[in-house]
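The values are calculated or read from the model by the stated rules, or taken from the named source; none is laboratory data. Everything numeric in this text was worked out from a predicted model, so none of it was measured. Methodologically, a virtual Cβ is constructed for each residue, glycine included, from the backbone with ideal geometry; neighbour enumeration extends over all protein chains shown. For the accessible areas, the whole protein counts, side chains as well, though only heavy atoms, and no ligand, DNA or RNA atoms are used. Shrake-Rupley method; radii C 1.70, N 1.55, O 1.52, S 1.80 Å.
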Amino acid sequence: MLNFEFYNPTRIIFGKDQLEKLDQQIPAEARVLILYGGGSIKKYGTLEKVVEALGNRKIFEFGGIEPNPKYETLMQAVAVVKEENIDFLLAVGGGSVMDGSKFINLAANYQGDDTLELLTSQDALNSISTSIPIGIVLTLPATGSEMNKGAVVSHKMGKYGVFSDLSFPKFSILDPTLTYSLPATQVANGIVDTFIHTVEQYVTFPAEGRFQDRAAEGILQTLIEVGKKTLDNPEDYEARANLVWCATMGLNGLIGAGVPQDWSTHMIGHELTAIFGIDHGKTLAILQPAIWQVRRKQKREKLIQYAERVWQITEGDDDQKIDSAIEKTRGFFEELGIKTHLSDYDVTAEHFNMVLENLEKHGMTKLSETSDLDLSVSLEILEKAL
Ligand code: NZQ
Ligand code: ZN
């Protein structure tokens, strides 16, 4: 097992009717900024419940954080934080709102001249020493942002990962019933996102992380069990609760501690979102089968383990097992209603140069658990994904 540090200070408050507990989690005198997206929380009554739970606290609102939150939008919220002396951020939404809130906190506390530096400079991030507490009310299970220190912010044609210990939420309320209103395509995106977070920390090379492997396999098997079920019956509480918990556990640092990680699917996927506007989860479903085909040599042992332990494939030789596991994975995504080829999204080989140029511009030229996935391999992957 590799050396590691594990730190995660976020309190999870899970289950039905847990919104009531907001009152215990936020100081009575707090000036609270409620952050949200395009309005789903108004439409489905979540905002009303949140406001009620906050009682007499001084409340401000900032809505309009778009999917793949834009730097410019978030900076408007930073102005509100400063003008109104906000001392508590309450993010009510999915990954975009949670990530946006984390960035708003960092930018509001940054003393440097150019806030844009926070997108690319870890030194700039490390210089921040003060912070506003963030609370979360989750409405979309997918990113794990509710229990991690990451945020992804969009600026021009790029998506930037911003990581800081100051971004761990103080608490996250995970009430699965608040996710019932999600459209099927967002539920499917969330299942795929969780699946891919898990395999990117699992299908690498063996490192004797036995607990981590079995925890990852547990998440993957649970997703396979409940994925279609929760899509077909959105109000099946147990199925949805399992999805929500898997999404959180998939990216809170637990399964990735002490094992190699390969984030190529996400890094190439981010470029597909930035250039073509394809949903985050869908980019991953397109790329993962292609990446495994192209990287089957490097990932051989773990792909065989994945085939045998997650899909219970016992027939055939090792190569047949790998092929069969890749096809079963593709079938699982397709069954959720997610198309898995670039051509399904009108992306053709003529677009590949643009993707490669963006990868180069963002320094994504040595990807994978072995840092040998260069632009020529990315091209091979894109070709396979057509
Ligand atoms: O904006 P509203 O009106 O709220 O609608 C949203 C949005 O249109 C809707 N929605 C959310 N909850 C709903 C709902 N609609 C009905 N009922 C509800 N309960 O869903 C749409 C998508 O929301 P978004 O937050 O964009 O989705 P997701 O949670 O998939 O987040 C994607 C973002 O997270 C980043 C992605 O790059 C992307 O920007 N990621 C963040 C990570 C992290 N912080 O660790 C890791 C991930 O890999 C990912 O990269
Ligand atoms: Zn993701």
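Results, tabulated for the structure shown:
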quantity: Debye, to nearest 20: dipole size of region 272-386, +1 on Lys, Arg Cβ, -1 on Asp, Glu Cβ; calculated: 300 debye
quantity: Among 94, 56, 197 - extreme Cα towards positive end, dipole of the chain, charges at beta-carbon; calculated: 56
quantity: DSSP-assigned coil residues among trypsin sites (Lys or Arg not before Pro) in region 307-386, each with at most 16 further Cβ atoms within 10 Å; calculated: 339, 366
quantity: Entries in 228/302; 228/339; 297/384 that, when Cα-Cα distance is taken, lie over 19 Å; calculated: 228/302
quantity: For region 123-219: rounded, prolate or oblate by the Cα gyration tensor [a/c cutoff 1.5]; calculated: oblate
quantity: Accessible surface of the chain [probe 1.4 Å, protein heavy atoms]: carbon and sulfur percent; calculated: 48 percent
quantity: FRET efficiency, 1/(1 + (r/R0)^6) with R0 56 Å, evaluated for residue 31 and residue 328 via beta carbons; calculated: 0.65
quantity: Equivalent ellipsoid dimensions for the chain as semi-axes, Å, which come from the Cα gyration tensor, largest first; calculated: 34, 24, 19
quantity: Virtual spin-label span in nm between residue 123 and residue 233, 7 Å along Cα→Cβ; calculated: 5.7 nm
quantity: Nitroxide proxy distance, nm - points 7 Å out along Cα→Cβ at residue 180 and residue 207; calculated: 4.1 nm
quantity: Exposed-loop-free span, longest in the chain, where GluC sites (Glu not before Pro) count as exposed if DSSP calls them loop and at most 16 other C-beta atoms lie within 10 Å; calculated: 85-207
quantity: Projected label distance in nm at residue 374 and residue 85, using a 7 Å step from Cα toward the beta-carbon; calculated: 5.7 nm
quantity: FRET efficiency, residue 357 to residue 11 (Cβ-Cβ, R0 45 Å, nearest 0.05); calculated: 0.55
quantity: Cα gyration tensor, region 1-106 - rounded (a/c under 1.5), prolate or oblate; calculated: rounded
quantity: Cα-based helix-to-principal-axis angle, 237-250 vs the chain, degrees rounded to 10; calculated: 80 degrees
quantity: Dipole magnitude of region 107-259, debye to nearest 20 (Cβ charges: Lys/Arg +1, Asp/Glu -1, about Cα centre); calculated: 80 debye
quantity: Computed accessible area, residue 314, all protein chains, 1.4 angstrom probe, square angstrom; calculated: 110 Å²
quantity: CD proxy at 222 nm, helix term only [per DSSP H run n ≥ 4: -39500 (n - 2.57); per residue of the chain; nearest 500]; calculated: -14000 deg cm²/dmol
quantity: Three-way shape label, region 309-386, alpha-carbon gyration tensor, a/c 1.5; calculated: oblate
quantity: Span from the region 53-122 Cα centroid across to the region 356-374 one, whole angstrom; calculated: 30 Å
quantity: Farthest toward positive dipole pole in the chain [+1 Lys/Arg, -1 Asp/Glu at C-beta], among 108, 336, 263; calculated: 108
quantity: Dipole magnitude of region 11-178 about its Cα centre (Cβ charges: Lys, Arg +1; Asp, Glu -1), debye to nearest 20; calculated: 340 debye
quantity: Degrees, to the nearest 10: 280-294 long Cα axis against longest axis of the chain; calculated: 20 degrees
quantity: 23 Å Cα-Cα reach of residue 42 towards lysines, excluding residues that sit fewer than 8 places from it in its own chain; calculated: 16, 21, 58, 70, 102
quantity: Difference of contour (0.36 nm per residue) and Cα-Cα distance, residue 365 to residue 300; calculated: 21.2 nm
quantity: Which of 237, 216, 377, positive extreme of dipole for the chain (C-beta unit charges); calculated: 237
quantity: For the chain: relative contact order, % (alpha-carbon pairs under 8 angstrom, 6 or more apart); calculated: 16 percent
